[in-house]
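Notes for the one structure printed next.
Any read-out appearing in this document is the output of simple, stated calculations on the displayed coordinates, not a laboratory observation. Being a predicted model, the structure only gives us computed values, none of them experimental. Don't worry about glycine lacking a Cβ; one is built from the backbone with ideal geometry, like all the others, and counts go over all protein chains shown.
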């Protein structure tokens, strides 16, 4: 514990060196390295959580570039914007890694109206069919409020009507997933749980959050590659390249958008060490 | 038919003198007066629907101040903003005139979460209990899209669970009202109808729209009084005075906010002729 820092939500909280060290350990740092970095950041007396993030990132890069990339994943997800589509594509890949078949942008006629479904999900061997709605936000601190699971619940019910017709009543287990790169309000979580929806946020639910799924499956977005400029990342997203694994098949794209030879080699190295294995 | 005019949505449509005359007749003008005003407006070759509205208002005032007030009701409703609360209060009064008991800002615990209910409705003699959600917009041309009835439907279902406990299953008919001073998209109407919600908009449903209910019950908002300045209207709203009938009990407020004696008399005359009877 120590001095107060200002969070992106505007709230203040005491600086917690243990929490910072833990987040570095979760990003893959050995405990002694994590504490060393956290202590060096603590000495700088930062005022905002953004400053702390930046300082931690710089200190991490000095120790281990891979660690820095993993520590910076939350920002990398925000950098998938401004449109929500790259995040939907990214989340489909993460759901695939979790054992689902997943496809983006399906149109399904519900009982009442037609719905654009961000991700259509299936787990054939477990007789599971589902839909996922993705809420991408690139404002840190913004939260998904209760209106979102309320409206998604009606959409889910409306689509279930079609699934019942298609598969037969009781033949499948239906899953409705509400996914965001940010947080849910307490009410949104309460409603989601009560309505039987699957809520998935950056740190929710604790053991199976997006942060944990990324750790578990090692799926890194292209926006996490520290050797690329912001503009180059945007150009890759515009060409539909979201995952850094996709990049290994499209190294020529990097040259097209003006990435120099030395940087291409650095990126290939990152892809080799980060994107396939952890 | 005539030249093209630009609507507030950005779309263009041919100027239709018959449509303009009809809207004046609906506001209470005799057919010959309505046509006379519409023809005088047509001669001015307006370019936008806003210009036409303004010119019609001026031409109407020359004929009959009461007509002008009724013609300007849609704008008067927009002037209830910027917050949504005066509109909620106004709609509760309009629902009362339609035979409901109506109270604003009730908190109801649903099955899953607690809800703030804009209007709680009852019709005891018909065993009806309901909730209404108000969507106030002060941008002309903005529409209520399908997400709103989707989320309101879940809220309504969640609250019904509480009503069932309170009144007993099957003892009451439940009504869910979604109310806006603007329009619904086609999808919003399709979902609302299919889900059994009551949708009420400025011109929807045709025979029982807000515009028609105001005509029928003669409930005029204070913002319609042409003798008051924009600032004076805002000051009345801030004091919780929304209906011009409420004003007749609070004529002293008018003096407090600096309305001159001659104007007060003019307003009292308007209240007498417009707000109680048609």
Which ordering of B:56, A:203, B:263 is given by a fewest-first count of other beta-carbon atoms within 10 Å? A:203, B:263, B:56
Once the mean 1/r over all distinct Cα pairs of region B:6-72 is inverted, what Kirkwood radius in angstroms do you read off? 11.7 Å
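Taking the beta-carbon count within 10 Å as an exposure proxy, list B:49, B:83 from fewest neighbours to most.
B:83, B:49
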In degrees from 0 to 90, rounded to the nearest 10, what is the angle of the helix A:49-63 Cα long axis to the longest principal axis of chain A? 70 degrees
For label points placed 7 Å from Cα toward Cβ, what is the shortest-first list of nm distances from residue A:213 to its copies? 4.3
Mind checking the alpha-carbon convex hull of region B:85-217 and giving the volume per residue in Å³? 107 Å³
Under a Gaussian network model of chain B whose springs join Cα atoms within less than 10 Å, the largest fluctuation of B:232, B:75, B:166 belongs to B:166
Of all the C-alpha pairs in the protein assembly as shown, what % are more than 38 Å from each other? 48 percent
Here the alpha-carbon Rg of region B:80-130 over 2.2 N^0.38 Å rounds to 1.24
Pop out the Kirkwood hydrodynamic radius of chain B from its pairwise C-alpha distances, inverse of mean 1/r, in Å to one decimal. 20.2 Å
If you rotate chain B onto chain A, the residue of B with its Cβ nearest that axis, and the gap in whole angstrom, comes out as B:151, 2
Measure of size requested: the Rg and Dmax of region B:160-278, with Cα atoms as the atom set and Å as the unit; please supply both. 19.3, 58
hull vol. (C-alpha, convex hull) per residue for region B:221-275, Å³ -> 65 Å³
Region A:1-148: radius of gyration over Cα atoms, expressed as a fraction of 2.2 N^0.38 Å: 1.33
Helix-derived [θ] at 222 nm for the protein assembly as shown: sum -39500 (n - 2.57) over DSSP H runs of at least 4, divide by residue count, nearest 500? -13500 deg cm²/dmol
